Every structure is written in structure tokens, then in C-alpha cells.
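Notes for the one structure printed next.
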Amino acid sequence: MARTSPEEWERRLTEIAPELLAEIGAKKEPDKGLPGLEGSEGGVVMRFAPNPNGPPTIGSARGIIINSEYVKRYGGRFLLRFDDTDPVNKRPMLEAYGWYLEDSEWLGAVPDKVVIASDRLPEYYEIAIELIRRGGAYVCRCDQAAFKAKKDAAKPCPHRGQSPEENLALWRDMMNGGLGPGEAVLRIKTDIVHKDPALRDWAAFRIVTADHPRVGEKYRVWPLLDFESGVEDHLLGVTHIIRGKDLMDSERRQRYLYDHMGWVYPTTIHWGRIKIHQFGSFSTSALRRALEAGEYSGWDDPRMPTVRALRRRGIRAEALRKFMIELGVGETDISISMDSIFAENRKIVDPEARRRFFVKDPIPMEIEGEMPEIAKAPFHPTLDLGSREIPAGRKLLVSCDDLLNLKVGGSLRLKDLCNIEISSLDPLRARVIGTDPHQAREKKLRIIHWAPTDGVPVRVMRPDGVDSGIGELGVRDDLDQVVQFERYGFVRIDSVAEDEVVAYFAHR
RNA sequence: GCUCCGGUAGUGUAGUCCGGCCAAUCAUUCCGGCCUUUCGAGCCGAAGACCCGGGUUCAAAUCCCGGCCGGAGCACCA
């Protein structure tokens, strides 16, 4: 296949239309980070709208970070809105409201405004009434199955033709108790013969007599998501909505509501489902059940895919931000690995994390020969972070893992201390053959870390279990710091007691 | 069954709207090598992808059609 080269075309272009040449020269610029927002001229208002039925997860973090990042970029406003309108199936947790605030702030996304749907029922009622007056909504008294049958057949139900007056009267019955749960819903009139059955006359309000954790039994008519969310987005002046692809129909449904009211629909962006290798698929409700069944120590258990669990493990907000922004907002369902987040975190944490010795599954070792009584070890291999002194002694502890390929006569270096030769394996004995690190280097000795016998017991809480061992005493100075246990990994010192230190494992 | 959306290396991602700069970007992962008193960091190098088939065109990752695969909606959940 003979292709005409670009050069050839350029030459011919020069002959026939030289004024277009500039266009060829213009390079396309590669987009960095998030794509721009369309329709940002009139300002940008965005929201993250969770149901507070558990703490923010990594998925929530994506929503919080991307929305707030756009707002930062365009100088707009970031709203946090709690869509807590189902006291039964997705019952809100009172503590969770605060958790969202806390985690948003930690993620560097302090909301400009916080809205709680369960505070705003009166506003929703007013709009419902206006909608009925305009003939855009009707009270449907079909039971669920009957309506579905009608809808699937693209046939209107008998209540669709009621007059606004009739509907208003029935609405009052819903409000004042004349109608009970399951006896009526308010439906938005869309297009009953629409080719997509998902869009036909959807329910906007239903009757719920259960108490709500925040407002108790104050209301008995509650909005459904499409109404609440759609109305709030308008009321709050939201300009851009980012939501899951699973909610694509919401826009198409809500547009009917907007048309009835004469409102302008915000710009929408969709993203696909996010799955994380290390955690699999999870839902907040499923996690909550597992937690209540005692499978986890709490919402910040190191196995949890929550923001608070990552924080406890020493993952920095900045690492999460960079990662999420890099992910972007594609519509493809994605399956990510924590490795990328860890890599991002390592870059941030490595330069500031003090190095410490932690010996997992310690084995005592007796040493003979001339050696320093105190090891002087730098806090960082290349940066000047100072150093610490670790008292050594005739007896030291080394990790069981490091003994695996050891044999009598073999030699290695105890880091920052001395070079030894193994003289016996059981009991473990060695003799000093020198102290010079260069000697170790020349002989290509393996270098292992160690701990003094009077070090502090350390427990490391990991996603895959608990490691126990002994750490140098200095780890007690690093409460709440991310440190690197040499040859083990980065951990956050979570608690320090006289007789035990607990650390949470971040990553290698 | 009806409807909607997506498919670029192992994993993500840029490019797709407005076809030529794309023998395709960046990150991570993996594999080599260097460096290092850590199995960390750093440095160097390498490997690795346009779902398939047609069509339009001088030219297709990009436009059109069909197929395949994946996800989602059709709740008085969010």
C-alpha cells in the first residue's frame, strides 16, 4: 500500500494553499492530569454527595479529591452533601457525618459548604407541590408490582391522568397519614412509552414511617435519590456533576424534572467502577456487616479499604491525591493496584522517615571478640537526619528469617556494628572478625540488622496478619511518625506503651 | 427481554471530539546493570498495547457499519 508521505503532502499544500501551513506546524499539546471542564466560564460549583452509612473509602477519596481538585483549579466552590434520605435500607450512621468532614479535611478538601438532605425536606416538599401544580407529577397508588407491569408494557397507570387538584389532595394524605407506607408514591411524569424502560415515570417520594437517625420521626414522606439529588444540584447551583456510570440514567430521569421546572441541567461527567486488587470489590454496606460480625477490629483495621485505615498505616493524603488525579475520570471500569499508591507514598515518605531496627521473630545470638559497646547508626542512609545510638552487647537478637541460609563458618555484617563469623548455629554463636564496613564490602558480606536484647517488644499490624518482634528502644520516640524498619518496610508508630509498641504497616 | 455505556502494554493513563506530528505518552509493575553498611531510595537500560472483521480515505487508535467481550440501569436503595 503506497502511502503518500506527510512531507509530500506538505509540499503540495505549499503549492495550492500556503495559508494553511501554519495549522500543520501547530503541535497538539498532550493533556497533563485532569482534562479541562467544559462550560466552566460561568464559574464552577461541584459537590461530593455520599450517603453517610459508613466512613469514606478509597472510592470516596476519589470523589472528594477529583471534585475538590477541579474546584481548586477553576477557583470555584466545593460542596459536601449528605444524601441521607433512606433511614431503612441505607440507614445513615451518626458518626459517619463527622468522618466525612474529618477525612475530607485530611485529604486537603475542606468543603466550602456542607448540606444535609435530611435537614431540607421542607424545601423538597415545596418543589413537589409546584411540580404537581404544573402537572409534572402525580400520586400513584399502584402497588410496586402492578406499576412495574404497566411500565414494562409502556402503559400508563390509572393514576397518571389525575388532575393536579386530585394529586394535591392525595399528596396531603401522604403527608398527614391518610396513606400508609407502600400505599402511594409521587411519580415524575416522563414519557411512558420511552424506549428505555428505566426512564418511564420514576418515583420521587415514598412514605417511610421508620425513624431517621438525625431527625427521628419528624417526616413520613421521604424523597428518593433522583429527586433529592436533582433538586439539590439545582438549588445549590452545582455546575458540574461527576458521578458513577451506574447513575447515567439519573441524568436522563432528572432532565424530565428539570424540564417541568424550567431549570438548566448541569454538565455531567461519568466514571466507571473502581476495583482494587488488594481489596476486591466491596460496598460500604458489606463492610459494615463484616465489621459488625467481628471480622475487623474497626473501620481503621489495616485490612479495610477506608481512608482512615490508610491514614493509620501512614499513607499520606498527598500520595492519594497524586494517584487519583493521575487516574483521571475515564468511563472504563478499572481495576487498580495499591502498588501505585504505595509507590507514590514511598517517594513522599522515604526522605523523611527515620530508619529503625526491628527484628521479627528474634533469635538470640552470642558474640565473642572485640566490638563496640554502642552502635552509632544514621537515621537516613543519604540524607542528614542525624543519628541514633543503639547499645549493643555480647548478646544480640537477629531475625529468624536471616538464619535460613546460614551455616557455620559463614560470615556477615551486623549493620552499623561489626562483621562476624558464625561459629555455631544451635545455640547461635559468632565471633567478631572486624568492624570496618569496607571490609564487609570487599568480602561482599550480607548485611543484616539486629536488636539489643533489652529492646522494646513491637507488634506490627499488617493487612495479612501481625508480625511480632523486638525493636530498638528509640522507636518509642517516634509515636505517630512514619519510620522505616530497615529491610522490612515503612510503618507508622501507632502507640507506645512502657512494655510494647504497636506499629501499622504501610508498605515495603 | 428492553435500554445505556465502555474496550490503548500485567495494571492504570495520554492521544479518539477536529483522521496525517503515533513504528503510539507517562506512571506503576516485571527483568537486567550501576550505586548503596537496608531486601528502601537513586541512576541507567530493556521488555510490553491500539478487541475482531469489514467500509470510507492518498492516509484510521482516531470516522462509519457489524460482531465479540466487559460493565451498568429497568427499586417505594444510594
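The values are calculated or read from the model by the stated rules, or taken from the named source; none is laboratory data. On a predicted model such as this, the values are computed, not experimentally measured, just so you know. With ideal geometry, Cβ positions are generated from the backbone for all residues, glycine too; neighbour counts draw on all protein chains shown. Heads up: the accessible areas ignore ligands, DNA and RNA and are worked out on the full protein's heavy atoms, side chains in. Shrake-Rupley method; radii C 1.70, N 1.55, O 1.52, S 1.80 Å.
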query = If you keep only loop residues by DSSP, which trypsin sites (Lys or Arg not before Pro) in segment A:185-241 have at most 13 other Cβ atoms within 10 Å of their Cβ?
reply = A:Lys195, A:Lys218
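222 nm [θ] for chain A, helices only, -39500 (n - 2.57) per DSSP H run of 4+, per residue, to 500? Can you show the working numbers first?
Details: 14 runs with 151 residues, N = 508.
Counting only the DSSP helices, I get -9000 deg cm²/dmol.
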request  = At 7 Å along the Cα-to-beta-carbon direction for both A:Tyr125 and A:Ile325, put a label point, then send me their distance in nm to one decimal.
outcome  = 4.5 nm
message = Straight-line reach only, C-alpha to C-alpha below 17 angstrom: list the lysines that A:Lys407 could link to, leaving out same-chain residues fewer than 8 apart.
response = A:Lys443, A:Lys444
note = Note to self: C-alpha centroids of segment A:386-446 and segment A:115-133 sit apart, in Å, by 73 Å
request  = Among A:Ile127, A:Ile188, A:Leu199, pick out the residue whose Cα is farthest towards the positive end of the charge dipole of segment A:120-222, where Lys and Arg carry +1 and Asp and Glu carry -1 on C-beta, about the Cα centre.
outcome  = A:Leu199
ask   = For A:His270 and A:Glu368, what is the calculated FRET efficiency with R₀ set at 60 Å and r taken between the beta-carbons, to the nearest 0.05?
value = 0.30
query = Going by alpha carbons, how many degrees (0 to 90, nearest 10) lie between the helix axis of A:6-16 and the longest principal axis of chain A?
reply = 40 degrees
task = Taking the Cα atoms of segment A:72-160, report the difference between the largest and smallest coordinate on each principal axis, in whole Å and largest first.
result = 52, 29, 26
message = So with the 1.4 Å probe, I'd like the accessible area per residue for segment A:120-222, rounded to whole Å².
response = 47 Å²
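Using +1 on the beta carbon of Lys and Arg, -1 on that of Asp and Glu, and nothing else charged, what's the dipole of segment A:120-222 about the Cα centre, debye to 20? Please report the intermediate quantities before stating the final value.
Details: 18 positive and 14 negative charges, 52 e Å.
With only Lys, Arg, Asp and Glu charged at Cβ, the dipole is about 240 debye.
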query = Efficiency by 1/(1 + (r/R0)^6): what FRET value for A:Asp152 and A:Asp350, r their Cβ-Cβ distance, R0 = 60 Å, to the nearest 0.05?
reply = 0.55
ask   = Using alpha carbons only, how many degrees (0 to 90, rounded to 10) separate the axis of helix A:248-261 from the longest principal axis of chain A?
value = 40 degrees
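Given R₀ = 35 Å, FRET efficiency for A:Lys444-A:Leu385 by Cβ-Cβ distance, to 0.05? If you can, show how the numbers build up before the last one.
Working: r = 28 Å, r/R0 = 0.79.
That gives a FRET efficiency of 0.80.
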request  = Work out the count of Lys pairs in segment A:120-222 where the Cα-Cα distance is under 25 Å, with the pair 8 or more places apart or on different chains.
outcome  = 8
inquiry  = So, for segment A:266-333, what is the accessible surface per residue at a probe of 1.4 Å, expressed in square angstrom?
reply    = 47 Å²
request  = Indicate the gyration tensor shape class of segment A:167-308 (rounded, prolate or oblate), computed on the Cα atoms with a ≥ b ≥ c the square roots of the eigenvalues: a/c under 1.5 is rounded; otherwise a/b larger than b/c is prolate and the rest oblate.
outcome  = oblate
ask   = How far apart, in nm, are two points set 7 Å out from the Cα along the Cα-to-Cβ line at A:Glu102 and at A:Phe279?
value = 1.7 nm
request  = Report in % the part of the accessible area of chain A that belongs to carbon and sulfur, leaving out ligands and nucleic acids; probe 1.4 Å.
outcome  = 49 percent
Of the GluC sites (Glu not before Pro) in segment A:28-114, those whose Cβ has at most 15 other Cβ within 10 Å and which sit in DSSP loop = A:Glu38, A:Glu41
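At 1.306 mPa s and 10 °C, plugging the Kirkwood radius over alpha-carbon pairs of segment A:120-222 into Stokes-Einstein gives what diffusion coefficient in µm²/s?
Here the translational diffusion coefficient equals 113 µm²/s.
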query = Pairing the Cα long axis of helix A:164-176 with the longest principal axis of chain A, what angle in degrees results, from 0 to 90 and rounded to the nearest 10?
reply = 50 degrees
message = I want to make sure I understand the PRE zone here: with the label point 7 angstrom from the Cα of A:Ala497 toward its beta carbon, which residues in segment A:441-462 have backbone N atoms less than 18 Å away?
response = A:455-462
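Enumerate by residue number the GluC sites (Glu not before Pro) in segment A:211-305 meeting two conditions: DSSP loop (anything except H, G, I, E, B), and at most 14 other Cβ atoms within 10 Å of the site's Cβ.
On the way: sites: A:Glu217, A:Glu228, A:Glu232, A:Glu251, A:Glu292, A:Glu295; in loops: A:Glu217, A:Glu295.
Taking segment A:211-305 and a limit of 14 other Cβ atoms within 10 Å, the loop GluC sites (Glu not before Pro) found are A:Glu217, A:Glu295.
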note = Along principal axes, largest first, the alpha-carbon spread of chain A in whole Å comes out as 101, 79, 41
